[in-house]
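Structure first, then comments.
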Amino acid sequence: MKTILIVDDAATIRMYYRQTFEQAGYAVGEAVNGLEALEKALLTTYDLYVVDINMPKLDGYAFLRELRGRDMEQAPAIMISTEARGSDMVRAFEAGANLYLVKPIKPDQLLLHTRLLIGSAGQEEMGVNR
């Protein structure tokens, strides 16, 4: 089963993403900031990171830079934020994001991008046309 780490300081956002991913068959971990996410990433292997930008202690940009600078197996990262400026997108890609999405994002869009980056959860391709 593929595992996703959700990194966001907003409990409601984490719950929304968790429900979306679990209903699609993915296993989910959560972190409330980049520092906690980095600690978890060093202990557990994830298939995907879903990362917010604005968080206390260590923001999304810094988390991805720290993660990408480590000599370890790397998983793709989707950065999702309310920040919609082109400069934010550039900073996200420079930090190591594979995809940048602007909130709000619909569950089917999130799952489509997830499947494109890491494949299905190991179950049937729910909702994807063949």
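The values are calculated or read from the model by the stated rules, or taken from the named source; none is laboratory data. It should be emphasised that the depicted structure is a prediction, and the values quoted were computed from it without experimental measurement. Don't worry about glycine lacking a Cβ; one is built from the backbone with ideal geometry, like all the others, and counts go over all protein chains shown.
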| Restricting the search to the range 16-40, which residues are assigned to a helix (DSSP H, G or I), among the small types (Gly, Ala, Ser) and touching a Lys or Arg at 6+ places or on another chain (Cβ under 8 Å)? | Gly34
| query | For Ile105, are the conditions met, namely being crowded, with 18+ Cβ neighbours inside 10 Å and either touching a helix residue (DSSP H, G or I) at 6+ places or on another chain (Cβ under 8 Å) or of a type in the set (Val, Ile, Thr) (or both)? | reply | no
| note | Exactly one of Leu38, Leu42, Leu67 is buried (at least 21 other Cβ atoms within 10 Å of the Cβ) and either closer than 21 Å to Ile118 by Cα or among the polar types (S, T, N, Q) (or both), and that residue is Leu67
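Look at Ala75 and say whether it is outside any helix (DSSP H, G or I), under 23 Å from Met1 (Cα atoms) and either touching an Asp or Glu at 6+ places or on another chain (Cβ under 7 Å) or free of Cβ contacts under 8 Å to residues at least 24 places away in the same chain (or both).
Numbers: outside any helix (DSSP H, G or I): yes; under 23 Å from Met1 (Cα atoms): yes; either touching an Asp or Glu at 6+ places or on another chain (Cβ under 7 Å) or free of Cβ contacts under 8 Å to residues at least 24 places away in the same chain (or both): yes.
Answer is yes for this residue.
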| When you look at Asp88, is it at pLDDT below 95 and surrounded by 13 or more Cβ atoms within 10 Å (Cβ to Cβ), yes or no? | yes
| request: Please work out which residue is surrounded by the most Cβ atoms within 10 Å (Cβ to Cβ), limiting yourself to the range 17-35 and to residues that are under 24 Å from Val102 (Cβ atoms) and more than 13 Å from the chain's Cα centre (by Cα). | output: Ala24
